[in-house]
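In what follows, a structure is listed as structure tokens, so that the remarks can point back to it.
The values are calculated or read from the model by the stated rules, or taken from the named source; none is laboratory data. Note that the structure is a prediction, hence the values are computed from the model and not measured. All Cβ positions, glycine included, derive from the backbone under ideal geometry; neighbour counts span all protein chains shown.
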Amino acid sequence: MSSHVASYATKLARNRLGLWLFLISDSFLFVGLFVTRVVLLGANRPDLNQILGLVVTAMLLLSSFFMNRAEVEMAHGNRPAFLRNTFITMVLGGLFLLGVVGVEWQLAPFGPGDGAQGAVFFAMTGFHAFHVLTGVMLLYIVWNNGRRGLFSAEQHWGVEAAAVYWHFVDVVWMFFYVGLYLMGSPV
Amino acid sequence: MADNKDQGAGSRRAELGTGVWVFLMLGVLTFGEFIVGVIASPWGSALLLVAAFKAFFVIVYYMHVGRLFTTDGDGH
């Protein structure tokens with residue numbers, strides 16, 4: 001029994017390291033996109049709906065709050081609260097996607113081929129939205145596994161990994177929000 | 001046994017409480033960024049500093065980066 005616990009702790013430490021190495025490598029993509037924005041647009045920014053930007057940002061922040069609650073509840077063995085909070089996180093992630101891809105992309109006064117601002121805006125939001133989409137899919141898998149009772153207070157690496165990934169996507173948006181909606185003057 | 005249960009409930013409350021104050025701080029800072037971005041958009045560097053400050057709090061309190069440096073399977 002004690003060797004089982006020890007091997008789980010060792011595996012957990014390796015899993016955590018692996019996940020963080022993946023996130024660091026993934027962050028190079030986003031840093032590259034942000035640098036592209038700074039080089040191509042400089043002191044200008046795309047002319048976007050700022051209220052919509054604030055609303056989608058608030059949704060993502062709120063989703064991180066509920067994901068943190070979900071993880072804490074699972075760590076204390078409260079499965080119903082974990083399922084509820086994970087579900088809310090998925091819904092907020094879906095609303096974020098709807099706000100960016102379903103509304104902002106349609107309202108933008110330029111297309112992906114309309115110069116530097118179009119290319120930068122659609123590349124940044126597109127890559128980020130794809131990460132949000134994969135995050136929602138990962139959350140669904142974790143939520144479904146939680147519903148089937150596959151996690152416990154002692155062993156719930158899947159929940160922790162999904163939460164860390166989800167917060168990473170939130171951290172990326174913190175910088176993209178500033179780069180796309182707030183920095184510089186609208187073109 | 002009852003002590004352990006009380007301790008567990010106390011730690012759960014404390015962890016949820018940390019989540020709440022981090023969220024409130026992120027909300028206030030984001031609204032501040034929005035106001036500054038709308039009325040004084042040339043302050044790009046300051047806005048990026050605020051974003052980095054927000055990211056630091058998420059990485060420490062929501063992503064629990066400190067767990068990387070523990071070997072005892074902390075939290076599980």
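A few points about this structure:
- Options A:ARG16, A:ARG45, A:ARG69: the member that is more than 18 Å from the chain's Cα centre (by Cα), charged (D, E, K, R) and within 9 Å of another protein chain (Cβ to nearest Cβ): A:ARG45
- A:ASN145 satisfies every condition listed in (1) within 14 Å of chain B (Cβ to nearest Cβ); (2) assigned to a helix (DSSP H, G or I); (3) under 22 Å from A:MET67 (Cα atoms) except (1).
- Looking only at segment A:1-25, and only at residues there that are buried (at least 16 other Cβ atoms within 10 Å of the Cβ) and at pLDDT 95 or above, the one that is nearest to A:LEU182 (Cα to Cα): A:LEU23
- A:TRP105 being more than 14 Å from chain B (Cβ to nearest Cβ) and of a type in the set (Phe, Trp, Tyr): yes
- Residue in segment A:106-117 that is closer than 24 Å to B:LYS54 by Cα and surrounded by fewer than 20 Cβ atoms within 10 Å (Cβ to Cβ) present: no
- Residue within segment A:166-175 that is part of a helix (DSSP H, G or I), within 14 Å of chain B (Cβ to nearest Cβ) and under 18 Å from A:GLU73 (Cα atoms) present: yes
- Residues of segment B:37-54 satisfying the condition of being more than 8 Å from the chain's Cα centre (by Cα) and either surrounded by 17 or more Cβ atoms within 10 Å (Cβ to Cβ) or not in a helix (DSSP H, G or I) (or both): B:GLY37, B:ALA40, B:SER41, B:PRO42, B:TRP43, B:GLY44, B:LEU47, B:LEU48, B:VAL50, B:ALA51
- Some residue of segment A:78-101 being within 11 Å of another protein chain (Cβ to nearest Cβ) and among the β-branched types (Val, Ile, Thr): no
- Any hit, segment B:19-35, residues being modelled with pLDDT under 95, among the β-branched types (Val, Ile, Thr) and assigned to a helix (DSSP H, G or I): yes
- Within segment A:45-71, the residues that satisfy the criterion of being of a type in the set (Gly, Ala, Ser) and within 18 Å of B:GLU15 (Cα to Cα) are A:SER63, A:SER64, A:ALA70.
- Given (1) touching a strand residue (DSSP E or B) at 6+ places or on another chain (Cβ under 7 Å); (2) surrounded by 15 or more Cβ atoms within 10 Å (Cβ to Cβ), number of the condition A:ASP47 does not satisfy: (2)
- Scanning segment A:154-165 for residues that are more than 10 Å from A:MET74 (Cβ to Cβ) and among the aliphatic types (A, V, I, L, M) yields A:ALA161, A:ALA162, A:VAL164.
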